[in-house]
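One structure below.
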Amino acid sequence: DGRNLFSFLLGHWNVHYRNSGRNFSEKINLDGTFGIVERSEADIVGISEILEGQEVNLTEGLRRIGYSHIFFGGGHKTKFGGLTVQTAIASKLECEKRDAGNFPIRNEMGGGGGFVHCYFPEKDIDVINLHLASPKKRELYQSQLNFVNDYVGRFEGNVILMGDFNKSYESMEPSFEGVNFVSEARKTCPTTFGLGFLCKDLDHIFSRGF
């Protein structure tokens, strides 16, 4: 439970510093995630910070609540466990995963949690979910921004770009070309009790063509 400070710290220690392996990640309880997704009643959702080994349980749970198309995109590996951190797009609408090329990452904490791109033929929409690196890793962060701008510029039509950008909208507003900010600058991280002074808007949705 990320709202509990002890649980929050213990979870981070297990993921990043314990040589835990897949057996650990398979035991992580995802009921809270499924509850949030189901209550959203969204046709398309983006999920970040998925630990390698969770794919089967996550896929089964999402399919139970109506998400028939689920695709993953890999990011950095955890330092000691060596497990890949991933992002995903889950949809009730038909879609197909597109090859996103080599999204730049670094295998360390804050090295970029992944990039996944799906195309929705019925709606003619390209949807991207991403998790950028820590802005403290300036060179890597800038290379990821350059990658995203170049990538989105390759195809025409309607685009939804969403995910964890690890920066407030105000500080990253000039970073993207040709897309509009459509989500509220809502404080999303952290919700952990005792860390409210760190609360920032880090998760955003952009669009083009709507």
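The values are calculated or read from the model by the stated rules, or taken from the named source; none is laboratory data. These numbers come from a predicted model, not from an experiment. When we count neighbours, we look across all protein chains shown, and the Cβ atoms used for this are built from the backbone with ideal geometry, even at glycine. Areas reflect the complete protein model, heavy atoms only, side chains present, ligands, DNA and RNA absent. Shrake-Rupley method; radii C 1.70, N 1.55, O 1.52, S 1.80 Å.
For this structure, a couple of remarks:
- Each part gets one Cα centre, and for region 72-112 versus region 120-168 those centres are 13 Å apart.
- Counting only residues at least eight positions apart within a chain, or on another chain, the lysines with an alpha carbon under 18 Å from that of residue 97 are 123.
- When the residues 167, 27, 77 are ordered by accessible surface, computed with a 1.4 Å probe over the protein chains alone, the sequence from largest down reads 27, 77, 167.
- Based on C-alpha pairs under 8 angstrom that are at least 6 apart in sequence, region 56-210 has a relative contact order of 17 percent.
- For the chain, built as a Gaussian network whose Cα springs stay under 10 Å, the top-fluctuating residue of 159, 15, 182: 182
- Eligible lysines near residue 79 by straight Cα distance, threshold 25 Å, same-chain separation 8 or greater: 27, 136, 137, 167
- Global geometry of region 71-139, whether rounded, prolate or oblate, following the gyration tensor of its Cα atoms and the 1.5 cut on a/c: prolate
- Given charges at beta-carbon only (K, R positive; D, E negative), |dipole| of the chain in Debye: 740
- The chain: calculated mean residue ellipticity at 222 nm from DSSP helix runs of at least 4, using -39500 (n - 2.57): -8000 deg cm²/dmol
- Qualifying GluC sites (Glu not before Pro) for region 95-155 [loop in DSSP, other Cβ within 10 Å: at most 11]: 122
- Ranked from largest, the principal axis spans of the Cα set of region 113-210 equal 45, 28, 22 Å.
- Computed extension gain for residue 134 through residue 59, at 0.36 nm per residue and net of the alpha carbon distance, reaches 24.3 nm.
- Take the Cα radius of gyration of region 47-162 and divide it by 2.2 N^0.38 Å, N being the number of residues; the result is 1.08.
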